[in-house]
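Derivation of every value follows stated rules applied to the coordinates shown; laboratory data play no part. This structure is a prediction, so every number in the text was calculated from the model and none was measured. Note: ideal-geometry Cβ built from the backbone for every residue, glycine included; neighbour counts use all protein chains shown.
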Amino acid sequence: MSTVSVTIEKLGAQGHGIAHADNVPVYVPYALPGETIAIARNGDHGTVMSTSNLSSDRVTPPCKHFGYEGDLCGGCVLQHLADEPYHAFKRNLVIEALKSRGLEPEVAPLFIARPGERRRVVFSVRQTDKGFLLGYNRAESNHLFSVEECPITSAGIVDRLDTIRAVGRALAQGSDVFRLAVLETLSGLDIAAEGLKPLNDKQRRAATETVLSLRGIARLSVNSEVVIEQQRPLIDFGGTKVSPPPGAFVQATVPAEEAMSNLVLSHLAKSKRVIDLFAGSGTFALRLARKAKVHAVEGDDKSVKSLDHAARNTQGLKPVTVEKRDLFRRPMMASELKLYDGLVFDPPRAGADTLAKELARSAIKSVAAVSCNPATLARDLRILVDGGYRIKTVVPIDQFLWSAHVEAVALLEK
């Protein structure tokens, strides 16, 4: 390891500053373009030792846990960057991913995330000889620190950190690390523990008694098994109340979910029969069912049942059918898609290239592609464009504030 002085040239895709030393790129967390930084260099990685001629785009981070002088929280990487260049950075991630596939459609301004919007977070938990830790990993390490504040997260979660710690303590088994996924719902916190050994009767009683002694917890589950449910955890998908299964995928913020849903609904407004692929618990399907017949396809059995239950118990919806199907092993074929005139798909980060190939062969008029990974989105859009689709617009969506992650909704026509 050596100490060198470098000048940061640009931000990389992970939000780190990029400089060159000995004609080799060096990635420096917490550094901004134009700054001269003294770094401890270890190969292609640099650790900030001191800074000079700071960028005019640098701002004071709002969180005490952020930065090389703080607890080095590994969650946020860009709290030190002013809003305007931060928004441009996120939008540019989508633009560059599309360009890499030879695509240059209209890319709308970034839909902005704001502090305090995250309704779902995942804490790491560990009981140590020195005390109980509930928090996040330090940057670029597996070491935990105990979180005291989190400006990206909703007050409904941050204000209940002591409650969440009490649940974590009741569940802790030795010094092993486990996770608590906490979702703020309309009826209270839905806490899903993962990474624990099966609870014995004594542990189950202790966890149950702890939850009963606290307020504001709707449900506690361990490894997807419900330990206690005081109220059904409910979230609202466009006027339809849904109780998602423990630990199920839910969009991280309500504003981002509504923005994505509005784009999808507007684009598919004239569609009479819509298919929703990777439908989850019904984020889009249940909203679309206000005006169209919907077939929702999802690989997780519990999510399918939650969607189906919500659809059957909500008045004013058009017919909603559901199908449990692993869309990676059994993608929808072009022959199956001929029943529909509108389609929305929202796959995991790996994207859906096999599905895109079948969709490209179909005659579906309107397609909305939702993605949390610009690289796989660009790959899938390239397939659709080569199959005759035209991209109307791509809208970048920020719901992971101050991170290097950006979502996008692409609207296509044939």
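Things to note:
- Neighbour counts of other Cβ atoms within 10 Å put Thr7, Thr253 in the fewest-to-most order Thr7, Thr253.
- For the chain, average projected area of the Cα convex hull in nm²: 21.5 nm²
- A convex hull fitted to the Cα coordinates of segment 1-58 yields 68 cubic angstrom per residue.
- Considered as an equivalent ellipsoid built on the Cα gyration tensor, segment 352-414 has semi-axes of 23, 12, 8 Å, the largest given first.
- The Cα trace of segment 55-137 gives Rg and Dmax of 17.3, 56 Å, the first to one decimal, the second as a whole number.
- Looking at segment 24-133, the trypsin sites (Lys or Arg not before Pro) that sit in a DSSP loop and have at most 15 other Cβ atoms within 10 Å of their own Cβ are Lys64, Lys130.
- Of all lysines in the structure, not one has an alpha carbon short of 21 Å from that of Lys202, not counting any fewer than 8 places away in one chain.
- Linear extension gain, Ala13 paired with Asn313, 0.36 nm per residue minus alpha-carbon span: 103.6 nm
- The helix-based estimate of mean residue ellipticity at 222 nm for the chain, built from -39,500 (n - 2.57) per DSSP H run of four or more residues and divided by its residue count, is -7000 deg cm²/dmol to the nearest 500.
- Antiparallel bridge percentage (DSSP; both residues within the chain; nearest 5): 70 percent
- Between Ser335 and Lys99, the FRET efficiency from the beta-carbon distance, with R0 = 30 Å, is close to 0.30.
- At R0 = 35 Å, FRET efficiency that the Cβ-Cβ distance of Leu54 and Arg349 yields, to 0.05: 0.55
- Ranked packing of 372-379, 406-413, 309-316, most packed first, by mean Cβ within 10 Å: 406-413, 372-379, 309-316
- The value of relative contact order for segment 73-200, using C-alpha pairs under 8 Å at least six residues apart, is 24 percent.
- Here Lys392 is the anchor, and the lysines within straight C-alpha reach of less than 21 Å, apart from those fewer than 8 places off in the same chain, are Lys90, Lys99, Lys270, Lys272, Lys357, Lys365, Lys414.
- For Ala21, the amide hydrogen comes within under 5 Å of the amide hydrogens of Val26, counting only partners 5 or more places away or on other chains and with H modelled in the peptide plane.
- Using alpha carbons only, the radius of gyration of segment 227-309 set against its Kirkwood radius gives Rg/Rh = 0.97.
- Using the Cβ-Cβ distance between Glu106 and Phe328 with R0 set to 41 Å, the FRET efficiency from 1/(1 + (r/R0)^6) comes to roughly 0.85.
- Taking the inverse of the mean reciprocal distance over all distinct Cα pairs, the Kirkwood hydrodynamic radius of segment 120-229 comes to 14.0 Å.
- Reachable aspartates and glutamates from Lys293, criterion Cα separation under 15 angstrom, eight or more residues apart if same chain: Asp276, Asp308, Glu323, Asp341
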